[in-house]
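Some notes on the structure that comes next.
The values are calculated or read from the model by the stated rules, or taken from the named source; none is laboratory data. Note that the structure is a prediction, hence the values are computed from the model and not measured. Cβ placement follows ideal geometry from the backbone for every residue including glycine, while neighbour counts extend to all protein chains displayed.
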Amino acid sequence: MQKKFSSDRYDPLSTERDALSRRTFIKGVIAAGTVAGAAGLMTGCSGGDSSGGGAGSVERLVTINVNGKDRPVDVMPNETLAHTLRNKLGLTGTKLGCDRASCGACTVMIDGVTTYSCSTLTHMVRNKKIVTVEGVGGPNGELHPVQQAMIEELAPQCGYCTPGQVVSGVALLQRNPSPTRDEVRHALSGNLCRCGAYNNYINAIVKAAGRA
Amino acid sequence: MKDMMPNFNLVQPTDLASAISLLTDAGENGWAIAGGHDSLDWFKDRIKRPTTVVDLTGIDSLKGIRETADGGVEIGALTTLTEVELNPIIKEKFGLLSSAAGRVASPQIRNKGTIGGNVSQDARCWYYRSGLDCYRAGGNTCYSDTPEGMNREHCLFGASRCVAVSPSDTAAALVSLDASMVIQNSSGEKVVAATDFFIGPAIDIENMTILKPGDVLTAIRIPATWAGAEFYFEKVADRNSWDFPLVNIAAAIKMNGSTIEDIRITCGAVECVPKRLNVVEDIVRGSERNEDTANLGAGAAARGAVPLNYNHFKIPLMEGLVRKAIRG
């Protein structure tokens with residue numbers, strides 16, 4: 001496999017290059033933790049007291065419950081949940097858009113309630129149950145009805161806001177299995193879509209509600 | 001790189017006394033965090049750099065909504081805006097606050113943002129927020145109130161060097177409901193009226209509220225005075241979600257037949273504090289509730305306004321909202 005990427009044999013038109021997509025590459029890096037030097041740049045956490053909090057501060061080695069699994073992880077006091085999920089647990093389905101609670105791409109469920117993970121300190125949700133977009137489907141990778149309906153309704157265009165839209169839609173159907181169109185609009189009002197595919201997203205959730 | 005803020009000590013007390021002691025010890029370097037939407041923005045932009053951040057969310061005594069003996073309610077400061085919006089007691093007795101809480105920001109922010117945080121959030125003037133050395137940041141200039149400054153969202157009243165406005169939706173409702181704020185610190189508890197809790201730049205240009213380092217807003221009390229009155233809340237903003245108000249209005253009206261027996265009207269986002277419109281109240285109190293009364297009240301609503309270069313539109317907007325609120 002390695003040889004395929006050596007310069008003399010690399011064929012830019014080959015479909016085999018898909019074997020190593022950008023996504024799997026990044027995930028591989030996160031899982032292996034191999035680029036220690038670059039990680040400081042990527043996460044920007046090199047400055048200041050690298051050992052974390054001082055006296056009286058929170059314990060850094062914690063276990064958080066994500067998608068039904070207890071995940072042990074080393075969390076800095078100033079670390080957001082979005083950062084922990086993406087850069088430490090490899091759950092890159094949760095996106096970072098604005099990093100300021102103003103776009104909704106990072107939406108996750110915390111104890112069943114939608115929250116912006118970019119504006120939540122991981123230490124503040126240690127004892128809660130977190131569900132990300134990776135956790136809404138079935139145990140064998142089946143799509144959630146909301147995801148299936150979004151495909152059918154051509155909801156995602158660029159797709160960047162989609163994980164957040166999925167989580168908001170799933171959370172809505174969990175507390176209200178048969179919402180009106182207005183209730184769907186209200187539930188999705190914290191998720192920006194710069195492609196403007198709002199109607200498609202709303203159509204999808206109304207459709208998914210009919211099936212659930 | 002933008003997504004990591006400078007480091008700090010995070011402490012998570014589970015009782016109020018410990019939190020107050022930690023915040024008192026930390027003084028100016030301490031910071032109380034609850035929902036975190038205001039706090040983390042400051043930290044990420046590296047404008048506020050506290051060394052000790054005290055997470056209040058583990059303190060259960062600051063959560064929940066209780067009916068009080070006098071028929072009012074006491075709302076723990078850590079109660080989320082969604083809980084305030086959906087609470088059956090608040091909906092039934094103080095629907096004004098329920099409506100206001102439901103119009104704050106977006107669902108995700110309301111799910112985690114607290115009412116205590118909503119009323120104590122800092123000014124939203126973007127010059128101040130971007131870290132410029134303006135009056136509010138301890139400097140000696142205002143970047144907004146200049147010929148070129150962008151001040152469409154800024155104040156009509158009470159400018160004193162700073163022209164920032166009260167950004168809160170619930171604050172206007174709480175002032176109209178005669179609410180009071182319960183504050184605790186190392187020397188005990190004090191209860192202040194909502195109208196005294198919010199302060200303008202003439203009193204303290206660097207703070208929007210009377211909260212000092214070491215103070216914790218623990219609860220908000222609403223007396224029975226306006227329970228079950230007729231309410232009107234409306235928020236006008238550029239976007240229906242997320243946005244802060246350009247002007248909001250919160251009115252409580254007690255009727256006697258077709259006559260306005262008593263009334264409270266408060267506008268947000270027109271002054272550094274929620275602006276209670278006493279003059280309008282005095283004009284319409286005792287009158288029939290009709291179009292003429294509404295027009296009389298509206299005519300006095302923006303009396304004394306001193307608009308900036310780009311916010312003249314707030315005057316007719318305010319008058320229109322007052323007219324709608326009185327007309328019902």
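When B:Lys93 is tested against (1) more than 11 Å from every other protein chain (Cβ to nearest Cβ); (2) within 23 Å of A:Val125 (Cα to Cα), exactly one condition is not met: (2).
Among the residues that make up the stretch B:50-71, is at least one of them modelled with pLDDT of 95 or more, more than 30 Å from B:Ala251 (Cα to Cα) and more than 13 Å from chain A (Cβ to nearest Cβ)? Yes; the residues of the stretch B:50-71 include at least one that is modelled with pLDDT of 95 or more, more than 30 Å from B:Ala251 (Cα to Cα) and more than 13 Å from chain A (Cβ to nearest Cβ). Number of residues in the stretch B:289-319 that are of a type outside the set (D, E, K, R) and either under 19 Å from B:Ala250 (Cβ atoms) or in a helix (DSSP H, G or I) (or both) equals 15. Against the numbered list (1) in a helix (DSSP H, G or I); (2) touching a helix residue (DSSP H, G or I) at 6+ places or on another chain (Cβ under 8 Å); (3) modelled with pLDDT of 95 or more, A:Met42 comes up short only at (3). Does A:Gly104 satisfy the condition of being under 11 Å from the mean Cα position of the chain (by Cα) and on the phi > 0 side of the Ramachandran plot? Considered against the rule, which asks whether it is under 11 Å from the mean Cα position of the chain (by Cα) and on the phi > 0 side of the Ramachandran plot, A:Gly104 comes out as yes.
Taking each residue of the stretch B:109-126 that is at negative phi and looking for partners that are assigned to a helix (DSSP H, G or I) and of a type in the set (Phe, Trp, Tyr) with beta-carbon atoms closer than 9 Å, six or more apart or interchain, yields B:Val119/B:Phe197; B:Ser120/B:Phe197; B:Asp122/B:Trp42; B:Asp122/B:Tyr128. Filtered by the rule that a residue be without any contact (Cβ under 8 Å) to a residue 12 or more places away in the chain and either crowded, with 21+ Cβ neighbours inside 10 Å or in contact with a Lys or Arg (Cβ under 8 Å, 6 or more places away or on another chain) (or both), the stretch B:140-163 gives no residues. Residues in the stretch A:185-212 that are over 18 Å from A:Tyr116 (Cα atoms) and assigned to a loop (DSSP other than H, G, I, E, B): A:Cys195, A:Gly196, A:Ala197, A:Ala212. Only a single criterion out of (1) out of contact with any Pro (no Cβ under 9 Å at 6 or more places or on another chain); (2) in a loop (DSSP other than H, G, I, E, B); (3) over 30 Å from B:Pro316 (Cα atoms) is not satisfied by B:Gly71, namely (1). Tally up the residues in the stretch A:92-150 that are surrounded by fewer than 22 Cβ atoms within 10 Å (Cβ to Cβ), in a loop (DSSP other than H, G, I, E, B) and away from chain B (no Cβ under 12 Å), please. Counting residues in the stretch A:92-150 that are surrounded by fewer than 22 Cβ atoms within 10 Å (Cβ to Cβ), in a loop (DSSP other than H, G, I, E, B) and away from chain B (no Cβ under 12 Å) gives 10. Restricted to strands (runs of 3 or more DSSP E) entirely inside the stretch B:174-267, those with at least 3 residues that are more than 14 Å from the chain's Cα centre (by Cα) and either free of Cβ contacts under 8 Å to residues at least 60 places away in the same chain or under 27 Å from B:Gly102 (Cβ atoms) (or both) are B:188-193, B:216-222, B:230-236, B:247-256. What are the residues in the stretch B:157-173 that are of a type in the set (A, V, I, L, M, F, W, C) and under 17 Å from the mean Cα position of the chain (by Cα), if any? Those that are of a type in the set (A, V, I, L, M, F, W, C) and under 17 Å from the mean Cα position of the chain (by Cα): B:Phe157, B:Val163, B:Ala164, B:Val165, B:Ala171, B:Ala172, B:Ala173.
Remark: pairs (first residue in the stretch B:295-324, at positive phi; second residue assigned to a loop (DSSP other than H, G, I, E, B) and of a type outside the set (D, E, K, R); Cβ separation under 7 Å; 6+ apart in sequence or on different chains) = B:Gly304/B:Phe157. Residues satisfying the criterion are absent from the stretch A:164-184 (criterion: in a loop (DSSP other than H, G, I, E, B), among the small types (Gly, Ala, Ser) and over 23 Å from B:Arg110 (Cα atoms)). For A:Lys207, are the conditions met, namely being surrounded by fewer than 21 Cβ atoms within 10 Å (Cβ to Cβ) and touching a strand residue (DSSP E or B) at 6+ places or on another chain (Cβ under 8 Å)? No, not satisfied. Applying a threshold of 7 Å to beta carbon distances and a minimum spacing of six or more residues, or different chains, the list of pairs starting in the stretch A:133-146 at a residue that is within 14 Å of A:Ser168 (Cβ to Cβ) and ending at one that is among the hydrophobic types (A, V, I, L, M, F, W, C) and part of a loop (DSSP other than H, G, I, E, B) reads A:His144/A:Val136. Quick test of your reading of the structure: A:His83 fulfils all but one of (1) of a type outside the set (Phe, Trp, Tyr); (2) out of contact with any Lys or Arg (no Cβ under 9 Å at 6 or more places or on another chain); (3) away from chain B (no Cβ under 12 Å). Name the failing condition by number. Failing condition for A:His83: (3). Of the residues making up the stretch B:178-234, those that are under 26 Å from B:Val247 (Cβ atoms) and acidic (Asp, Glu) are B:Asp178, B:Asp196, B:Asp204, B:Glu206, B:Glu230, B:Glu234.
If the condition is being more than 15 Å from the chain's Cα centre (by Cα) and buried (at least 24 other Cβ atoms within 10 Å of the Cβ), then the stretch B:79-100 contributes only B:Phe94. Screening B:Asp45 with (1) surrounded by 19 or more Cβ atoms within 10 Å (Cβ to Cβ); (2) within 10 Å of chain A (Cβ to nearest Cβ) gives one miss only, at (1).
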